[in-house]
1. Among the listed residues ILE59, ILE83, identify the single one that is without any contact (Cβ under 8 Å) to a residue 60 or more places away in the chain and buried (at least 16 other Cβ atoms within 10 Å of the Cβ).
2. Does any residue of the range 184-193 turn out to be under 30 Å from ASP259 (Cα atoms), at pLDDT 95 or above, surrounded by fewer than 21 Cβ atoms within 10 Å (Cβ to Cβ) and under 23 Å from the mean Cα position of the chain (by Cα)?
3. Kindly evaluate LYS151 against the criterion of being touching a residue at least 12 places away in the same chain (Cβ under 8 Å), part of a strand (DSSP E or B), surrounded by fewer than 21 Cβ atoms within 10 Å (Cβ to Cβ) and not acidic (Asp, Glu).
4. Looking at the range 373-469, what helices (runs of 4 or more DSSP H) fall wholly within it and have at least 1 residues that are in contact with a Cys (Cβ under 9 Å, 6 or more places away or on another chain) and closer than 24 Å to LYS335 by Cα?
5. Which of the following residues is in contact with an Asp or Glu (Cβ under 8 Å, 6 or more places away or on another chain) and surrounded by 21 or more Cβ atoms within 10 Å (Cβ to Cβ): ILE222, ILE245, ILE230?
6. Search the range 434-460 for residues that are acidic (Asp, Glu) and pair each with any residue that is assigned to a helix (DSSP H, G or I) when their beta-carbon atoms are under 9 Å apart and the residues are at least 6 apart or on different chains.
7. Inside the range 441-479, can you point out the residues that are of a type in the set (Lys, Arg) and under 28 Å from the mean Cα position of the chain (by Cα)?
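The values are calculated or read from the model by the stated rules, or taken from the named source; none is laboratory data. Just so we're clear, the structure is a prediction, and the values are computed from it rather than from any experiment. So basically every Cβ, Gly included, is an ideal-geometry build from the backbone, and we count neighbours across all protein chains shown.
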Amino acid sequence: MADQYDLLVIGAGPGGYVAAIRGAQLGMKVAIVEREHMAGICSNWGCIPTKALLRSAEIYGHMGHAKDYGLSAEKFGFDIDGIVKRSRAIAAQMNNGVQFLMKKNKIDIIWGEATITKPGEIKVAPSKKPIVQPQGPVPKNALGEGTYKAKNIIVATGARPRVLPGIEPDGDKIWTYFEALKPAEMPKSLVVMGSGAIGIEFASFYRSFGAEVTVIELLPQILPVEDAEISALARKRLEKRGIKILTEAKVAKVEKTKDGVVAHVETKDGKTQQIAGDKLISAVGVMCNIEGLGLETVGVKTERGAIVIDAYGKTNVDGIWAIGDVAGPPMLAHKAEHEAVITVEKIAGMKVHGLEKLKVPGCTYCEPQVASVGLTEAKAKEAGREIKVGRFPFVGNGKAIALGEPDGLVKTIFDAKTGELLGAHMIGAEVTELIQGFVIAMNLETTEEDLIHTIFPHPTLSETMKESVLDAYGRALNI
């Protein structure tokens, strides 16, 4: 007999497991289906393990400048096996942590691959991928193959690396982020195809340990979704670190050689150049995991490879919902988590606010860090808004100078008529930790007056945020 649930979640990534937990908190009988690993790509192969690698790179970089801080670190090096081992251990810890949360909240885990056979029903087949269980094999009596029913089904199956024809990853010389996270040895040279967050973070990591890195971007600027001014500063800093960057350039083909790869690159002037490297990382975006779910059978609408939803995660088919990467951009873990809560609370009949994508922050954890929320200056102007723009450089901030991190900028954009904060864009030390202040401000519909009357602690990097607001209104104090 089919098992009956109030809520079935397909996919145990940050969107899926949060949806399951929120459902359990609201008294629902919940099950979650996972084919490979709890905590999803984010914790196993994305957000968390990459930050572990970048932390190693950050510390290594500081060791190289110890003399600047009055310290001595003359003999130091790195062990790539140790760096990767630490990263993988952290990923395993996250995996185990999510399994603990499932048990704590009395959520059934169903191991396998789900197909929606009709609204309110799924069939689970054995997984085609090996199931990753850091604490041991899946118990023999665990739920798996069979038919399961639920009043509501949430699809949270995430995304995977986009593959370009003719430049398919082989796990050896052409990498996706999977291989880039666990190199057997440090490559001496590297070609990175794509300059979004994933490409730039890996370019930053490998450059920190001495690799010669070339980044190739099809569009006119790196970090294409960022404000142009911030992007230009990021490029300047990355190039100062020795990273070569080609924009408005296309990788026409990749030739594998005995020693590595040769990328044939076409530039905007019509010329072609060849760039050799030990490895090539393909970081040209991701594709939603919509295949094999039975979406066509039940009539769920998709568009541009993503499931179409409203602001509450609802699809065009009653009882079927979707959240996270599979429902389209921005493809960020925190967006998936927030959508999860909105969707489950909507299912429960609660009064909720739909997702506002302009209030979803974005972060890139390279050196230097980049963070943003809301409209860029260009987008605000395109929207016909009359704006005031404030800027404050880190060199005017005492804490940044004391940290030895004086290179950075905070940029704020306000509606000139109402004082509404339209966007905030940052580059510099720890800006990924600072951006939430502007996100809260936007969520509370804060004006420049509210921010100007807020006391920021001294000495902190956060003071740059207030100074940027002051600058937009001609009142900056420290520049």
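1. Numbers: ILE59 fails: buried (at least 16 other Cβ atoms within 10 Å of the Cβ).
From the options ILE59, ILE83, the qualifying one is ILE83.
2. no
3. yes
4. 431-443
5. Of the residues listed, the single one that is in contact with an Asp or Glu (Cβ under 8 Å, 6 or more places away or on another chain) and surrounded by 21 or more Cβ atoms within 10 Å (Cβ to Cβ) is ILE245.
6. Final answer for the pair search is GLU448/VAL469; GLU448/LEU470; GLU448/ALA472; ASP450/ALA441.
7. Applying the first criterion (of a type in the set (Lys, Arg)) to the range 441-479 yields 466, 475.
LYS466, the sole residue that qualifies.
Yes/no per residue for (1) at pLDDT 95 or above; (2) within 15 Å of VAL191 (Cβ to Cβ); (3) assigned to a loop (DSSP other than H, G, I, E, B):
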position: VAL215; (1), (2), (3): yes, yes, no
position: LEU219; (1), (2), (3): yes, no, yes
position: ILE222; (1), (2), (3): yes, yes, yes
position: ILE230; (1), (2), (3): yes, no, no
position: LEU233; (1), (2), (3): yes, no, no
position: LYS236; (1), (2), (3): yes, no, no
position: GLU239; (1), (2), (3): yes, no, no
position: ILE245; (1), (2), (3): yes, yes, no
position: VAL251; (1), (2), (3): yes, yes, no
